[in-house]
Each structure stands twice: as structure tokens, then as C-alpha cells.
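The values are calculated or read from the model by the stated rules, or taken from the named source; none is laboratory data. All values reported here derive from a predicted model rather than from experimental measurement. Backbone-built Cβ (ideal geometry, glycine too); neighbour counts: all protein chains shown. Note: areas computed on protein heavy atoms with side chains; ligands, DNA, RNA excluded. Shrake-Rupley method; radii C 1.70, N 1.55, O 1.52, S 1.80 Å.
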Amino acid sequence: MRPIVQDRDVKIPEGVSLDFKARTVRVKGPRGTLKKSFTHVNLEMVRVAPDTVRVKVWQGTRKHIACIRTICSHIENMITGVTKGFEYKMRFVYAHFPINVNISEGDTLVEVRNFLGEKVIRRVKMLEGVKVSHSTGQKDEIILVGNDIQNVSQSAASIQQSCAVKNKDIRKFLDGIYVSDRSTVVKE
């Protein structure tokens, strides 16, 4: 039996404005603006109070009801992004050939050189709103910073996948660039 209505509330903190129209959500905060469309999911958004948005699904099946939590998590991540920002730290791991990473094009392009001694240069372009820099306190580390968690994490994944070891035993050849820490830019 399907429930008539299922809902979940999202709290909006001070200093953040959230508005939505036709299931497209726009969040403005001190770090910038994020916009995301949820038109692929059939649900209803209602502002219950000035600081609360309620996400509802009417006559939903089990999988449709599961989308409520997903959409609320996306909105909460957008709020966190415009207030605190997201920061991913990546470390270089190598046994013999030191990995050399250059950052160019206004902190939006990562060039990986000398991976496993190969001559090929791996170029990874960061997604929109993601900036990358070398760490000042730690050797062999880069830091990715941005407001959209999906763009920051996908950029980190693209860097990691560009350094996949081919035609060798991956249990022995552990070289690569791996995510070592995920946090927010503004620390509590």
C-alpha cells in the first residue's frame, strides 16, 4: 500500500537565501550562488516557514519516496557549499619515480608528469567553480576548493583516474594521486 504523502524538512540557516521555481533550486550565500534543477524527480516543494522548506511526494512508491532524502541532501550540500565551501586534499603516492604536478590556466588545469617514469603528460581540466593549488604545509599534496560538492569531488576523481596503472599488478604498483582528506574550507 502506498502512503498518501511523505515529506521531509530542510532548515535554511541565517545569511542564506533559498528560492525555487518549477523544481529548480537557487541558493545564495556569502561564498556565492549555486543553482540545481530537480525536474527529473516528480515532487513538490513548499516553503513552510521563512527558514524551512518542505519536500513532499504524493502517492509515491518505495523508490520514489527514497528520492526525498536525496533531494534534501543535495539542498543541504548546496547550503554548506555557499556558507563553508568544500575542500579536498590529494596526496601523491610513488615508490620510485617522483610524480610531478604542474597547475596552470588560472588554477583550473592539472598536468601530471613523470607518472611511473612515463613521458606522457596527463592533463585534467577542473570542472566549473573548482580551483586547485599546491599545499604549503605538506609536500606532495594538492588542494581542490569549490562551492559545489559534485564538481569538487568529480574533479578529484578525474585526477585519480588519470593516474590509473595499466598492464601491471595493481597490488604491487600503488602509485597514483589519492584523496586523503575531505572537509570544508571554513573550519569550525
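Would you point out which residue out of 33, 24 is closer than 26 Å to residue 127 by Cα, in contact (Cβ under 8 Å) with a residue 24 or more places away in the chain and surrounded by fewer than 14 Cβ atoms within 10 Å (Cβ to Cβ)?
33
Where the second residue is part of a helix (DSSP H, G or I) and the first is under 16 Å from residue 13 (Cβ atoms) and lies in region 67-82, which pairs have Cβ atoms under 7 Å and are six or more apart or on separate chains?
Note: pairs meeting the criteria are 77/149; 81/149.
For region 108-122, give me each residue that is assigned to a loop (DSSP other than H, G, I, E, B) and among the β-branched types (Val, Ile, Thr).
First, the residues of region 108-122 that are assigned to a loop (DSSP other than H, G, I, E, B): 108, 114, 118-121.
Correct list: 108, 120, 121.
For every residue, the table says whether it meets (1) outside any loop (DSSP other than H, G, I, E, B); (2) touching a Phe, Trp or Tyr at 6+ places or on another chain (Cβ under 8 Å); (3) at negative phi.
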site: 102; (1), (2), (3): yes, no, yes
site: 106; (1), (2), (3): no, no, no
site: 124; (1), (2), (3): yes, no, yes
site: 158; (1), (2), (3): yes, no, yes
site: 165; (1), (2), (3): no, yes, yes
site: 173; (1), (2), (3): no, no, yes
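Hydrophobic (A, V, I, L, M, F, W, C), assigned to a loop (DSSP other than H, G, I, E, B), closer than 30 Å to residue 164 by Cβ and open to solvent by less than 50 Å² (accessible area, probe 1.4 Å) - does that describe any residue in region 37-50? Walk me through how you get there before you give the answer.
Initial filter on region 37-50 (hydrophobic (A, V, I, L, M, F, W, C)): 38, 41, 43, 45-46, 48-49.
Those still in the list that are assigned to a loop (DSSP other than H, G, I, E, B) too: 38, 41, 43.
Then keep just the ones that are closer than 30 Å to residue 164 by Cβ; that gives none.
No - not one qualifying residue is present in region 37-50.
Picking from 120, 82, which residue would you name as being in contact with a strand residue (DSSP E or B) (Cβ under 8 Å, 6 or more places away or on another chain) and either loosely packed, with under 14 Cβ neighbours inside 10 Å or modelled with pLDDT of 95 or more (or both)?
Details: 120 fails: in contact with a strand residue (DSSP E or B) (Cβ under 8 Å, 6 or more places away or on another chain).
Going through 120, 82 in turn, just one is in contact with a strand residue (DSSP E or B) (Cβ under 8 Å, 6 or more places away or on another chain) and either loosely packed, with under 14 Cβ neighbours inside 10 Å or modelled with pLDDT of 95 or more (or both): 82.
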